[in-house]
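One structure below.
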Amino acid sequence: MSIVLNGKAIADELTESVALEINVIKKTNVRFSPGLAAVLVGGDAASKVYVRNKKRSAISVGMEALDYYLPESITQNELEDYVVKLSEDASVDGILVQLPLPGHIDQEKVIDSINPAKDVDGLHPYNVGLLVKGQPRFVPATPAGVQHILVKSGIEVSGKHVVICGRSEIVGKPLGLLLMQRNKGANATVTICHSKTKNIQDITSQADILIAAVGQQNFIKAGMVKQGAVVIDVGTNRINDSSRKSGYRLVGDVDFENVKNVSSAITPVPGGVGPMTIAMLLKNTLESAKRKLNL
């Protein structure tokens, strides 16, 4: 039977450490108040929930939570101008543009318009380049959260074969780069699988650490997992559930009930990687604010 890795407890510990550091700095810098700006375009329900949770967490650690809700009809130029103004605002230390953006918006151009020094999501090409070079400034929050769970759970990564299912710019690619670095919690041999990978089960069944980030409910089955492997589920999928007040519940990309009988450790959904994303975003924002003051 697997050990269920409690991502929420690990995230709470990290969030508490961020709050403590902010309080310590405020004792000698009374005006120190890291500002995290979130830009949400349109009315996507899941995005609204994330931004609301982010705001609550930011306020709880002593940050300024600056949320901007923009109409779905906003034009490309208007949105880019909006982000540029936030980049120039001295009260803003971190900028999060909530993805996905509406179909008529070129999201890469919007990300490029963020000041790299305030890109706490780590998606600007400059910050991606630093990660590739092994000199990361801001690591995307979810990959950083996955690594943090592994380290805090005492799971050895060095020398292990890590298989990542998913090649997104937000999770799969940066996570692969992160885990192959010459750093603590890294030094792994990394394989990335995707929609065009043939005989994917042959590859996943070789993994010492298997990470699912494909956005498909129960994609990873027990037969795809090596006995004793560590399984990290990044997926968050909504399925209808009339027994819930919300009318839905969240499940991951892993068939949790069956895979937990094969793996040695596994993250649940919810309560696994999800809470780490906001915690790491807060940590990145704190680091940005400290860098501005040369702390």
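Observations, loosely collected:
- For the criterion of being assigned to a loop (DSSP other than H, G, I, E, B) and under 18 Å from Lys260 (Cα atoms), Ala186 fails.
- Remark: pairs (first residue in the stretch 30-55, of a type in the set (Val, Ile, Thr); second residue open to solvent by 50 Å² or more (accessible area, probe 1.4 Å); Cβ separation under 8 Å; 6+ apart in sequence or on different chains) = Val39/Tyr68; Val39/Tyr82; Val41/Pro71; Val41/Glu72.
- Listed by first and then second residue, the pairs linking a residue in the stretch 130-149 that is part of a helix (DSSP H, G or I) to a residue that is of a type in the set (Ser, Thr, Tyr), with Cβ atoms under 8 Å apart and 6 or more places separating them unless they lie on different chains, are Ala141/Thr277; Thr142/Thr277; Gly145/Thr277; Ile149/Thr267.
- Among all residues of the stretch 190-198, there is none that is within 19 Å of the chain's Cα centre (by Cα) and of a type in the set (S, T, N, Q).
- Condition check for Val51: among the β-branched types (Val, Ile, Thr), more than 20 Å from Pro275 (Cα to Cα) and either open to solvent by less than 50 Å² (accessible area, probe 1.4 Å) or in a loop (DSSP other than H, G, I, E, B) (or both): no
- Taking the numbered list (1) open to solvent by 10 Å² or more (accessible area, probe 1.4 Å); (2) at pLDDT 95 or above in turn, Asn294 passes all entries but (2).
- Considering residues of the stretch 214-223 that are open to solvent by 20 Å² or more (accessible area, probe 1.4 Å) and touching a strand residue (DSSP E or B) at 6+ places or on another chain (Cβ under 9 Å) only, the residue farthest from Ser168 (Cα to Cα): Lys221
- Boolean, Pro125 is open to solvent by 10 Å² or more (accessible area, probe 1.4 Å) and either in contact with a Leu (Cβ under 6 Å, 6 or more places away or on another chain) or under 30 Å from Val4 (Cβ atoms) (or both): no
- Inspection of the stretch 237-244 identifies at least one residue that is surrounded by fewer than 17 Cβ atoms within 10 Å (Cβ to Cβ), hydroxyl-bearing (Ser, Thr, Tyr) and either more than 20 Å from Ser2 (Cβ to Cβ) or touching a strand residue (DSSP E or B) at 6+ places or on another chain (Cβ under 6 Å) (or both).
- Among (1) open to solvent by less than 10 Å² (accessible area, probe 1.4 Å); (2) closer than 18 Å to Gly166 by Cβ; (3) hydrophobic (A, V, I, L, M, F, W, C) - the single one Leu281 does not satisfy: (2)
The values are calculated or read from the model by the stated rules, or taken from the named source; none is laboratory data. Note that the structure is predicted; figures quoted are calculated from it, not measured. Virtual Cβ from ideal backbone geometry, glycine too; neighbours counted across all protein chains shown. The protein model used for the area step is the full one, side chains on, heavy atoms only, and it has no ligands, DNA or RNA in it. Shrake-Rupley method; radii C 1.70, N 1.55, O 1.52, S 1.80 Å.
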